[in-house]
Amino acid sequence: MRLGALCRGLLLPLLVAVSGTAVTMAADAGAAAPREEYEQVPMPAGFKVVVADFEGPVFADERGRTLYDWPTHQLRNGPAGELKGKPHCDDTHYTKTAGLMSPYPPGLLLPETDKRPTCAALWPPVIAPEGASPIGKWTVVQRADGRRQWAYDGFALYTSALDHEEGDVNGGTKRKTHGDSPADREPVAPPSLLPPQFAIAEQTTGRLLVTSQGASVYALANERPDNLLCDAGCAKEWKPVSAPAFAQAKGAFSVLEREPGIKQWAFRGEPLYTRVGEEREHSLEGSDVPGWHNVYTQRAPPPPADFTVQESPGGLVLADSRGRTVYIYHCGDDALDQLACDYPGASQVYRFAVCGGGDPARCRQTFPYVLATPGVKSASRVWSVLAIDPNTGHLAQPGQADSVNVWAFRQRPVFTCALDSQPGDLRADGWGEFNGYRNGFKAFWLRDDFTDNAG
């Protein structure tokens, strides 16, 4: 059932060819998928909105670099991040842990301190020019070094050294973080163009449309406002999303009159429903019912042709061409600046420790990279091929003879696990510290009906 649901509702518009439990995916050759619309808000000169492939609309500077903030996150032993109006990401060179991530005490020496960058080196502050004035939610805050920095909704703004081209959002994500995760940075965005009854839930498959209470929104195939297929009997299981009497069309949202005096919302020409009795927030289960599918404001780009989708005991996972589950590595160190350590430019000491006991060779055997087939292309910058030095885990030097070309998701290499012996195995999901959220590996979930891993 889940595999059919995926084909109908999760990864369309992809071309899906089913062979056993594998699903081979390639980009749709037709028109580009719709992009999410956003509210037009006032902005200072030099800023714009870019609709990114994975994160939807985000604010960017004049060069197209995504803007991020660093709101306070409560960690196990205290808060990390920034308060409104109080930026502190600077050129301080931290060499010891802060003790925010129990059970580790403060004062432990960080790895490779001579190579560890400062916060401001990885997160350049967005400096306001002389005479800059507040507009809308945009304000100017004072840094400790005396410089003036742009802020949005009170939080200081930064760009990321991991973003290289317009539309890159590699520095952070708007998806929810878990309690044991580091204090991640988040891209800053304008409000989505939604009526008040709706919200968006971040998923690996795209930006899922839900009600403001978190209930998933569904549509029935081939139903249009002038051709309603869900009759009174159908509406006992599928509740039309009612529009207030005064509701007006907004962007891709329109209003239809279902019955005299009874209005219903539609999105991109599809009447909208919730599923009666569905208790789980952001559920994908309704898409198991033939003809019904979840609704997205914007779908995630398809993975390259080197990947498949597999049915696992916990749900649907992304896998390599042989059906082996794909894992994403997560890492954030415990310094006050909470720098990420999950990309090739960071110290690989943490990863070598958790996957190979400190031995890089053993790590390569236990968690091998997903190698890129020569000639296979990505449909977006979300997926890319990196040349990696397999001995160090860092980017290879130009022309390096023993380099390997590996697939990366948001500039972070992806892996399989040698312990998985057949398609759908998940022996390494949660491998590492605190179920893989702090320093470890998580399966690349596309759908999980039990623990909400796909968020």
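So how compact is segment 307-448: Cα radius of gyration and Dmax in angstrom?
Every Cα atom of segment 307-448 included, Rg and Dmax give 14.5, 43 Å.
If the viscosity is 1.567 mPa s and the temperature 4 °C, what Stokes-Einstein diffusion coefficient in µm²/s follows for the chain when Rh is the Kirkwood radius over Cα pairs?
Approximately 55 µm²/s, per Stokes-Einstein.
By counting other Cβ atoms within 10 Å of each Cβ, how are R116, R258 ranked from fewest to most?
Ascending Cβ contact count within 10 Å gives the list R258, R116.
In nm, to one decimal, how far is the S321 label point from the A144 one, both placed 7 Å along Cα→Cβ?
Roughly 5.1 nm, to one decimal.
So if I take the centroid of the Cα atoms in segment 232-306 and the same for segment 107-172, what is the distance between those two points in Å?
39 Å
Extension gain R76-I262, at 0.36 nm per residue separation less the Cα-Cα distance, in nm?
Contour length minus the Cα-Cα distance gives 62.0 nm.
Rounded to whole Å and ordered largest first, report the semi-axes of the equivalent ellipsoid of segment 193-299 derived from its Cα gyration tensor (root of 5λ).
Each semi-axis is the square root of five times an eigenvalue, giving 19, 17, 13 Å.
Give the dimensionless ratio obtained when the Cα radius of gyration of segment 36-119 is divided by 2.2 N^0.38 Å.
Output field value: 1.48.
Let me know the Kirkwood hydrodynamic radius for segment 146-211, please, with Cα pairs as the basis and the value in Å to one decimal.
One decimal place: 14.4 Å for the Kirkwood radius.
Multiplying the sequence separation of S133 and F246 by 0.36 nm and subtracting their Cα-Cα distance, what value in nm do you get?
Length gained between S133 and F246: 37.0 nm.
Using Cα-Cα distances under 8 Å and only pairs 6 or more residues apart, what relative contact order does segment 307-448 have, in percent?
Relative contact order comes out at 35 percent.
Quick one: grab the alpha carbon gyration tensor of segment 372-422, order the square roots of its eigenvalues as a ≥ b ≥ c, and give me rounded if a/c is under 1.5, else prolate or oblate depending on whether a/b is larger than b/c. Could the numbers behind the result be given before it?
Details: a/c = 1.71, a/b = 1.10, b/c = 1.56.
Cα axes put segment 372-422 in the oblate bin.
Among the lysines, which have Cα under 25 Å from the Cα of K250 when same-chain residues fewer than 8 positions away are ignored?
K48, K137, K174, K239, K263
Report, in whole Å, the centroid distance computed from the Cα atoms of segment 413-455 and segment 77-94.
Result: 31 Å between the Cα centres.
Find out how many positive minus negative residues lie around R324, taking Lys and Arg as positive, Asp and Glu as negative, among other residues whose Cβ is under 14 Å from that of R324.
Summing Lys and Arg as +1 and Asp and Glu as -1 gives -4.
Do the sum for the chain: with -39,500 (n - 2.57) for every DSSP H run of n ≥ 4, divided by all residues, what is the mean residue ellipticity at 222 nm, to the nearest 500 deg cm²/dmol?
Only helices count here, giving -1000 deg cm²/dmol.
None of the figures in this text is laboratory data; all of them are computed from the coordinates on show. Computed from a prediction, not measured in an experiment: that's the story for all the values here. Reconstructed Cβ throughout: ideal geometry from the backbone, glycine too, with neighbour counts over all protein chains shown.
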